[in-house]
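Peer 1: What follows is a structure written as structure tokens; I'll ask about it next.
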Amino acid sequence: MIESFFVWLEGSALGAFVKDQAATFATIEAVHLMALAVLGGSVFLSDLRLLNLVMTDVPSRTVTDNAHKYFKISLIVLLVTGFVMLSGVATKCYHNFYYWVKMAALAAGILFAFGVRAPLLRGDHALLRPITLKLVAIASISVWFLVAASGRWIGFSG
Amino acid sequence: MNEERKLATREKVALGASIAIVVATVVYWITQIAGVIEMLKLAYG
Amino acid sequence: MLNSWLVSFAEWLGATNWSVGLHESFYMFNWLETTHVLTLMLSLGMLFAIDARMLGWWLMEVPASKLADRLAKPMWIGFSIMIVTGVLLYTAIPVRYTTSIWFRIKVILLFVAAINAWTFHRHLNQSASTWDTDRVPPKRTRVAAMTSLCLWAGIVICGRFIAYDWFDCGKEMSSFMNWATGCVAVTQAH
């Protein structure tokens, strides 16, 4: 059933549009990379602050609140460009192990970011144990790094 | 008081989720590196 | 001519054991390339954070010069990795990169971005105290920051396009393109 969705997607008008010219896919991917830079910036800014490695003289709440704004914007751009790219290579991705690793990591990342990390950081950081903040930061960096790394590896496998 | 209880719960959930993610990540990378080492042994002997 | 010098150098480099070993390796080239791409999350991420502040988009609670100063270290760690991996990647397939129009444009844009950053940094040091905490930074600051973002967007796009063969040597090209890509100086068959 999942496979039929991928087959349908690749055969759709969107898939045809993406496949028509190599430059289309390449340009959308370049936008995907630029959004990745912004996501990386917001993740590193926020998590390095929680790890007390950067901007330690700025309140952590200020940093995390600001970072979250561009985290959301870049994530939306990544999801949209990602979906458009997928339509051009859907069946290849369906059969690729690293594509599914990326999707699992992405799901975990989104659930963690919005369901666990953001609600936690809306509270008073001073009331939280330092170890909690550090573990949350490490988990956040780990999961987004895995999304990016497995994403790149799709191109090198299958 | 209720806000503090909510925060305490969120903190427990955060600790659990973070540890789970970090453990899963470590396991993933260990298996990947093991696979690479095996592949390199096959390729280069 | 510059093209023949560049291509001769690339052909010499491409014949070395180092280069052949790297580009025929099982994983090394892929790891280098992956590191190069992924590290942009750090280098360009921090750069975006600083430029966005200079444009008045976020973190207005923090003085601009302070933000630039604090994020400089992680940004430069990222850029160092980019430079090292970039050079190593070049040594793997030097002729391909040297005769790639996209690589050439990327290098030119990198130089322009460096000049833009350097002149802006001087300006920042001289004038920051007058606008550090302003709601809207001065025009010169915003122009420099937007220029930076546009240049780096161009660098990312060119970097991505290198992999495509649209203007590879051997393809039907105008004599202008043959010169611009450096293909006019290639002596070996690919």
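Read-outs: derived from the displayed coordinates by stated rules, not from any lab. This one's a predicted model, so the numbers in the text were calculated from it and none came from an experiment. Backbone-built Cβ (ideal geometry, glycine too); neighbour counts: all protein chains shown.
Peer 1: From the alpha carbon gyration tensor of region B:3-45, can you work out the equivalent ellipsoid semi-axes (sqrt of 5 times each eigenvalue) and give them in Å, largest to smallest?
Peer 2: The answer is 41, 4, 4 Å, longest axis first.
Peer 1: Between A:Gln21 and A:Phe97, what FRET efficiency comes out of the Förster formula 1/(1 + (r/R0)^6) with R0 = 25 Å and r the beta carbon distance, rounded to 0.05? Before the final figure, lay out the partial values.
Peer 2: Details: r = 29 Å, r/R0 = 1.15.
About 0.30, to the nearest 0.05.
Peer 1: Additional query: Quick one: grab the alpha carbon gyration tensor of the protein assembly as shown, order the square roots of its eigenvalues as a ≥ b ≥ c, and give me rounded if a/c is under 1.5, else prolate or oblate depending on whether a/b is larger than b/c. If you can, show how the numbers build up before the last one.
Peer 2: Working: a/c = 1.86, a/b = 1.30, b/c = 1.44.
Oblate, since a/c reaches 1.5 and b/c is not below a/b.
Peer 1: Just counting partner chain Cβ atoms within 10 Å, what average do the residues of peptide B:16-27 show around their Cβ?
Peer 2: 6
Peer 1: What whole number of Å gives the distance from the Cα centroid of region A:97-158 to the Cα centroid of region C:69-97?
Peer 2: Centre-to-centre (Cα) distance: 25 Å.
Peer 1: Mind checking which lysines have their Cα closer than 22 Å to the Cα of B:Lys12? Skip sequence neighbours fewer than 8 apart in that chain.
Peer 2: Within the straight-line cut-off, B:Lys12 pairs with A:Lys134.
Peer 1: Expressed as an acute angle from 0 to 90° and rounded to the nearest 10, what is the orientation of the C-alpha long axis of helix C:2-14 relative to the principal long axis of chain C?
Peer 2: 70 degrees
Peer 1: Please compute the average number of Cβ atoms from other chains found within 10 Å of each residue's Cβ in peptide A:31-39.
Peer 2: Per residue, the average neighbour count from other chains is 6.
Peer 1: How large is log10 I(q)/I(0) at q = 0.11, 0.14, 0.16, 0.19 Å⁻¹ when the Debye formula is applied to the Cα atoms of chain C, each weighted equally and without solvent?
Peer 2: -0.60, -0.85, -1.00, -1.22
Peer 1: Counting each DSSP H run of 4 or more residues in chain C as -39500 (n - 2.57), what helix-only mean residue ellipticity at 222 nm follows after dividing by all residues, to the nearest 500 deg cm²/dmol?
Peer 2: Details: 9 runs with 142 residues, N = 190.
Calculated mean residue ellipticity at 222 nm is -24500 deg cm²/dmol.
Peer 1: Write out the chymotrypsin sites (Phe, Trp or Tyr not before Pro) in region C:5-47 meeting two conditions: DSSP loop, and at most 13 other Cβ atoms within 10 Å of their Cβ.
Peer 2: C:Phe26, C:Tyr27
Peer 1: Give me the inter-chain shielding for C:34-45: mean count of other chain Cβ atoms within 10 Å, whole number please.
Peer 2: Shielding by partners across C:34-45 averages 6.
Peer 1: Within chain C, what's the longest stretch lacking trypsin sites (Lys or Arg not before Pro) that sit in DSSP loops with no more than 12 other Cβ atoms inside 10 Å?
Peer 2: Segment C:1-134 is the longest.
Peer 1: Applying the Karplus parametrisation 6.51 cos²θ - 1.76 cosθ + 1.60 with θ = phi - 60° to the phi angles of region A:77-94, what ³J(HN,Hα) value in whole Hz is obtained for each residue in order, glycine and proline being reported as x?
Peer 2: The phi angles translate into 4, 4, 5, 5, 5, x, 5, 4, 4, 4, 4, x, 9, 4, 5, 4, 5, 4 Hz.
Peer 1: Could you tally the net charge around A:Lys19, taking each other residue with its Cβ under 15 Å from the Cβ of A:Lys19, Lys/Arg +1 and Asp/Glu -1?
Peer 2: Residues near A:Lys19 contribute -2 overall.
Peer 1: Mind sorting C:Leu151, C:Leu40 by how few other Cβ atoms lie within 10 Å of their own Cβ, fewest first?
Peer 2: Ordered from fewest to most neighbouring Cβ atoms within 10 Å, C:Leu151, C:Leu40 come out as C:Leu151, C:Leu40.
Peer 1: Give me the angle, in degrees from 0 to 90, between the Cα long axis of helix A:97-111 and the longest principal axis of the Cα atoms of chain A, rounded to the nearest 10.
Peer 2: Compared with the principal axis, the helix lies near 40 degrees.
Peer 1: State the cysteines of the protein assembly as shown left without a partner when partners are defined as other cysteines whose beta carbon lies under 4.7 Å away.
Peer 2: A:Cys93, C:Cys150, C:Cys158
Peer 1: Here is a follow-up. With unit charges on the beta carbons (Lys and Arg positive, Asp and Glu negative) and the dipole taken about the Cα centre of the protein assembly as shown, which residue among A:Trp144, C:Gly56, A:His125 sits farthest to the positive side?
Peer 2: Looking along the dipole axis, the top candidate is A:His125.
Peer 1: How compact is region A:2-156 by the rule of thumb for globular proteins, expressed as Cα Rg over 2.2 N^0.38 Å?
Peer 2: In units of the globular-protein estimate, region A:2-156 measures up at 1.18.
Peer 1: What distance in nm lies between label points placed 7 Å from Cα along the C-beta direction at B:Glu38 and C:Met177?
Peer 2: The answer from the label model is 4.6 nm.
Peer 1: What ³J(HN,Hα) values, in whole Hz, does the Karplus curve 6.51 cos²θ - 1.76 cosθ + 1.60 give for region A:48-60 when θ = phi - 60°, with x put for Gly and Pro?
Peer 2: Those phi angles translate into 5, 5, 5, 7, 6, 9, 9, 6, 5, 8, 10, x, 4 Hz.
Peer 1: Also, I was wondering about something else. Roughly how tilted is helix C:139-161, in degrees to the nearest 10 and between 0 and 90, from the longest Cα axis of chain C?
Peer 2: 30 degrees
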